[in-house]
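Participant: Structure in structure tokens, see below.
Where a number appears in this text, it was derived from the coordinates with a stated rule and is not lab data. Just so you know, these numbers come straight off a predicted model, no measurement behind them. Ideal geometry is used to build each Cβ from the backbone, glycine not excepted, and the neighbour counts take in all protein chains shown.
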């Protein structure tokens, strides 16, 4: 895969007449994740015709590059080329979508995703573009939080991930993690996304769990076939639920009250 990127980068350098080595430090930047345990990432880099170009790519085919997709070997960091040439059209990096993946169990379905992004433009105001330190490193931040719910007649507990941007003042914003750079800022640089995990998990839907001293109890509703099972003021009748490892519990997250019977 890296050899393919190298040949693409070489063609891009020749087409754009820019001084760069073959997929070296001067025609790419490095993405580095700083994530909690059991978190991974995927990237999708999107390209548009370089500044001053009037060409187009038929059907847009080949204007995206994927990193750490399910059919690829996982890489701890990603080297993202800034330029490509597709169908004879010189392209420049326009955006990198970062898919943050949290894993809460061994199965393929035991994971949840949320997104961040890196925008790349030919020009940006100083107020809107990221900055690099003397070592050529830049960092943007986000906070992710787990929300839990139950699904199915046996009420398996699953979790949903939401990630928000942390601004320069350290406040959690409403938007997703995001930063922006100009193309001429990025050659040979390192961009890090630092994700922290909120201390508290919360129910995904309101009025479905009741807070108790040891955690949360799941309202019974009309029975195990009742998928929403809202409490509707009934804070006495609770159900068991199953963790992904098949433990049958009555309290989340501690699971301190195990039951032998199968719901």
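Participant: Full-extension gain between residue 128 and residue 108, please, as 0.36 nm times their residue separation minus the C-alpha to C-alpha distance.
Facilitator: On the way: separation 20, 0.36 × 20 = 7.20 nm, distance 3.79 nm.
Between residue 128 and residue 108, full extension yields an extra 3.4 nm.
Participant: Cut-off is 10 Å between beta-carbons; in what order do 252, 204, 41, 71 appear when sorted fewest neighbours first?
Facilitator: Ranked by crowding around the Cβ, least crowded first: 71, 204, 252, 41.
Participant: One-quarter of the Cα convex hull surface for region 61-110, in nm²?
Facilitator: Projected area, direction-averaged: 4.8 nm².
Participant: Once label points are set 7 Å from the Cα along Cα→Cβ at both residue 176 and residue 244, what is their separation, rounded to one decimal in nm?
Facilitator: Placing both labels 7 Å along Cα→Cβ, they lie 2.1 nm apart.
Participant: Test of understanding: in a Gaussian network model of the chain with alpha carbons linked when under 10 Å, which of 194, 236, 164 would top the mean-square fluctuation ranking?
Facilitator: Taking springs between Cα atoms under 10 Å, the residue moving most is 236.
Participant: Can you tell me the orientation of helix 2-16 relative to the chain, as the angle in degrees between its alpha-carbon axis and the longest Cα principal axis, to the nearest 10?
Facilitator: Relative to the chain, helix 2-16 is tipped by roughly 40 degrees.
Participant: Please arrange 149, 247, 176 by counting, for each residue, the other beta carbons lying within 10 Å of its beta carbon, fewest first.
Facilitator: The order, fewest Cβ neighbours first, is 247, 176, 149.
Participant: Rounded, prolate or oblate: which fits region 205-253, taking a ≥ b ≥ c as square roots of the Cα gyration tensor eigenvalues, rounded meaning a/c under 1.5, else prolate when a/b beats b/c? Mind dumping the intermediate values first?
Facilitator: Values: a/c = 1.98, a/b = 1.23, b/c = 1.61.
Since a/c reaches 1.5 but b/c is at least a/b, the shape of region 205-253 is classed as oblate.
Participant: Report the full-extension gain for the segment residue 121 to residue 167: residue separation times 0.36 nm, less the Cα-Cα distance, to one decimal in nm. Before the final figure, lay out each step's value.
Facilitator: Values: separation 46, 0.36 × 46 = 16.56 nm, distance 2.07 nm.
Using 0.36 nm per residue and subtracting the Cα-Cα distance, I get 14.5 nm.
Participant: Taking neighbour Cβ counts within 10 Å as the exposure measure, how do 245, 38 sort from fewest upward? Can you show the working numbers first?
Facilitator: On the way: 245 9, 38 12.
By the 10 Å Cβ count, ascending, the order reads 245, 38.
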